[in-house]
Amino acid sequence: MSKNLLLVVITLTAIIVSAIINKEKTALGLRKGMKMLITLLPQFLILLVLVSIFFALVPQKTLLSFLIEHAGWFGILAASIIGSVTLIPAPIAYPLTDLLIQEDLPLTIPAVFITTLMMVGILTLPVEKAYFGFTLAILRNILFFVGALIIGLLVGVII
């Protein structure tokens, strides 16, 4: 059974159990969920378009070659900015980071890149703003950016 099918089966089972326990609350929860989906769908579509345009204009090989050419403090800063701005799924991000490691770059650069990639979300900021509010979304991204730099520097020092 594929993971997606398993997730669908678990979700449907949970909805059925919930409906057996309390039909009204289940219906209310489903209505609220659909309303939230409809509200956020335009922002997700805009995000998808922005990411698609970014990857069309800046291929992954270009990102890799840029980071490989600029090792040192500029490379760390570049990796943190690129990681913060790009939106790459984990199954692509991990092999991409492995390629950076194989290029014998200082481990700080791949560590900062993957950490900002997973923790900071400039492109997802509009969606975060809708959920958390502008101030909290900005504060979260700033703190995670600083945290990612600290993590990357610690990796570079320790390993």
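The values are calculated or read from the model by the stated rules, or taken from the named source; none is laboratory data. Quantities reported herein were computed from a predicted structural model and do not represent experimental measurements. Cβ: placed from backbone, ideal geometry, glycine included. Neighbour counts: every protein chain shown. Quick note on the areas: whole protein, heavy atoms, side chains included, nothing else; ligands and nucleic acids left out. Shrake-Rupley method; radii C 1.70, N 1.55, O 1.52, S 1.80 Å.
Going Cα to Cα from LYS25, which lysines come in below 18 Å? Please leave out same-chain ones fewer than 8 positions away. Partners within reach: LYS35.
A simple charge model with +1 on the Cβ of Lys and Arg, -1 on the Cβ of Asp and Glu and nothing else charged puts the dipole of the stretch 35-159 at about 480 debye relative to its Cα centre.
So what's the projected area for the stretch 26-159, the Cα convex hull averaged over all directions, in nm²?
Projected area, direction-averaged: 9.5 nm².
Placing R0 at 22 angstrom, the Cβ-Cβ distance between GLN43 and HIS70 gives a FRET efficiency of 0.10 after rounding to 0.05. Rolling a 1.4 Å probe over the protein heavy atoms leaves VAL8 with an accessible area of roughly 80 Å². Within the stretch 1-104, the proportion of Cα pairs with more than 21 Å between them is 59 percent.
Ordered from highest to lowest accessible area with the whole protein assembly present and a 1.4 Å probe, VAL127, VAL49 read as VAL49, VAL127.
Full extension of the chain between ALA19 and SER52 gives 8.0 nm of extra length, using 0.36 nm per residue less the Cα-Cα distance.
Rolling a 1.4 Å probe over the protein heavy atoms leaves GLU24 with an accessible area of roughly 130 Å².
For the chain, the relative contact order comes to 21 percent (Cα pairs under 8 Å, sequence separation of at least 6). With K and R counted +1 and D and E -1, the other residues having a Cβ less than 13 Å from that of LEU105 yield a net charge of -4. Working from label points 7 Å from Cα in the Cα-to-Cβ sense, the VAL127 to ILE158 distance is 3.0 nm. Projecting the Cα positions of ASN4, VAL155, MET118 onto the charge dipole of the chain (unit charges on Cβ atoms of Lys, Arg, Asp and Glu, taken about the Cα centre) puts ASN4 furthest along the positive direction. Entry note, the chain: the mean residue ellipticity at 222 nm calculated from DSSP H runs of n ≥ 4, each adding -39500 (n - 2.57), is -28500 deg cm²/dmol after division by the residues and rounding to the nearest 500. Span-like helix criteria (full DSSP H runs; alpha carbon extent of at least 30 Å along the helix axis; mean Kyte-Doolittle hydropathy of at least -1.0) are satisfied in the chain by 23-57, 134-158.
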